[in-house]
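Structure first, then comments.
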Amino acid sequence: EEEEEEDISEHESDEEEESDEIKAIKQNRKLIIKKEKQIQKKLEKQKLKEEEEEDFEMLGDDERDDKVQELERVMFSFFLDGKDGEWVDYNEIDNNSDFDDISQIGRDEEERYFDDDD
């Protein structure tokens, strides 16, 4: 009777281990499928980008210039409308002294100095 109980206990333990292994396998499978989808999406985007680049290269000079001007117009419009924050970090630009116009800063300081005299 004790042997039967040990066999049953051993069998239950094997089933639990197998169940944990199956769960791990299923989880890994889900992760693999998710990663495959991400890779597929990335490949599709890359292919589309390459096709667009090929299309752009096939354009004549005038057409290409028109497309570039249209892009510049749209991006400028995005800038004016404040819709380019997704692509540009203005805090980084505003806080970077490399972009400061030193001449303008000097003129502003002179104006403040002479305005204070009045």
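The values are calculated or read from the model by the stated rules, or taken from the named source; none is laboratory data. Because the structure is a prediction, the values reported are computed rather than measured. Cβ atoms come from the backbone with ideal geometry, glycine included; neighbour counts cover every protein chain shown. Heavy atoms of the whole protein, side chains included, go into the accessibility calculation; ligands, DNA and RNA do not. Shrake-Rupley method; radii C 1.70, N 1.55, O 1.52, S 1.80 Å.
From 36, 52, 21, 63, grab the single residue that is of a type in the set (Asp, Glu), part of a helix (DSSP H, G or I) and closer than 25 Å to residue 84 by Cβ. Even if it seems obvious, please write down each step before you answer.
Values: 36 fails: closer than 25 Å to residue 84 by Cβ; 21 fails: closer than 25 Å to residue 84 by Cβ; 63 fails: closer than 25 Å to residue 84 by Cβ.
52 is the lone residue from the list that is of a type in the set (Asp, Glu), part of a helix (DSSP H, G or I) and closer than 25 Å to residue 84 by Cβ.
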Cβ-Cβ under 9 Å pairs, at least 6 apart or on other chains, region 66-86 side more than 17 Å from residue 56 (Cβ to Cβ), far side in a helix (DSSP H, G or I) and of a type in the set (A, V, I, L, M): 84/75
Which of (1) surrounded by 10 or more Cβ atoms within 10 Å (Cβ to Cβ); (2) modelled with pLDDT under 85 does residue 1 not meet, given it meets every other one? (1)
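Rundown of residues vs (1) open to solvent by less than 90 Å² (accessible area, probe 1.4 Å); (2) modelled with pLDDT of 90 or more; (3) touching a Leu at 6+ places or on another chain (Cβ under 8 Å); (4) of a type in the set (Ser, Thr, Tyr), yes/no style:
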position: 19; (1), (2), (3), (4): yes, no, no, yes
position: 23; (1), (2), (3), (4): no, no, no, no
position: 40; (1), (2), (3), (4): no, yes, no, no
position: 51; (1), (2), (3), (4): yes, no, no, no
position: 69; (1), (2), (3), (4): no, yes, no, no
position: 73; (1), (2), (3), (4): no, yes, no, no
position: 77; (1), (2), (3), (4): yes, yes, no, yes
position: 107; (1), (2), (3), (4): no, yes, no, no
position: 116; (1), (2), (3), (4): no, no, no, no
